[in-house]
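Just so it is clear, none of the values below were taken in a lab; they were calculated from the coordinates. The shown structure was predicted, so the numbers you read here are calculated from the model rather than taken from an experiment. We place every Cβ from the backbone using ideal geometry, glycine too, and count neighbours over all the protein chains shown.
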Amino acid sequence: MRKGFIVATAVAALAATPVLAQGRSGGAGGGPGGGMGAGPPMSPPGQMGGGMGTSDYARGIASQRGEFGRTFAEQQRMTAEQRRAQAEQYQALAQQRRAQAIATAQNARRGAALTQEDAKRIRAALKEDIEAWRDTFQVGRTDWQAMRNQWLLDRDALTPQQWAQQRAQWFAARDAWIAQQRAWASARRR
């Protein structure tokens, strides 16, 4: 009996503690617990701190949302402009790299001596071409891997002359892919 009385008294004291703590702190501690990090002070609706009414808070929230929307739209416009600039930069660089690849392939067909170092350099350039294509056109992982597996063979799979041809043919395949994507997009717009 005595043990039950002590337990009941302890439970009653613990239950009353948050109420007492809020009463002493004047509600400044906020919700249950009343300590730092317990949340904002609890006030009845329409009696928010600082003299602001519910409608003032609603206008403030709407203003913040409107500002967020304007900021988000501006970021999207900047992103679209950046994408256009990136695409233009890619096209200029790709044209240079394409011309270089075709010239190397033509020289290889004419019998120019290419070394294993040339083969490594050509394969590395082809890898960069494929990665630039993926990044610029935001190609999905599956399509990128399929293209990579088709064109970026093992290092020793081809001779230096064949690597030169492989890179030139990659640009032809890339151009065909771009044309196919444009045709698909054009058909979807109709």
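For segment 99-129, enumerate the residues that are under 39 Å from the mean Cα position of the chain (by Cα) and surrounded by 19 or more Cβ atoms within 10 Å (Cβ to Cβ). Before you say what the answer is, go through the steps one by one.
So the first thing to find is which residues in segment 99-129 are under 39 Å from the mean Cα position of the chain (by Cα), and the list is 99-105, 116-129.
Result: Ala101, Thr104, Ala105, Ala119, Ile122, Arg123, Leu126, Asp129.
Tell me whether segment 116-132 contains one or more residues that are touching a residue at least 60 places away in the same chain (Cβ under 8 Å) and under 27 Å from Ala80 (Cβ atoms).
Of the residues in segment 116-132, the ones touching a residue at least 60 places away in the same chain (Cβ under 8 Å) are none.
No, every residue in segment 116-132 fails to be touching a residue at least 60 places away in the same chain (Cβ under 8 Å) and under 27 Å from Ala80 (Cβ atoms).
Which condition does Thr136 not pass, out of (1) loosely packed, with under 12 Cβ neighbours inside 10 Å; (2) within 31 Å of the chain's Cα centre (by Cα); (3) not hydrophobic (A, V, I, L, M, F, W, C), if it passes all the others?
(1)
Mind counting the residues in segment 85-98 that are closer than 19 Å to Ala164 by Cβ and either exposed (fewer than 14 other Cβ atoms within 10 Å of the Cβ) or of a type in the set (S, T, N, Q) (or both)? Walk me through how you get there before you give the answer.
Initial filter on segment 85-98 (closer than 19 Å to Ala164 by Cβ): 94-98.
Next, only the ones that are either exposed (fewer than 14 other Cβ atoms within 10 Å of the Cβ) or of a type in the set (S, T, N, Q) (or both) stay: 95-96.
Here the count works out to 2.
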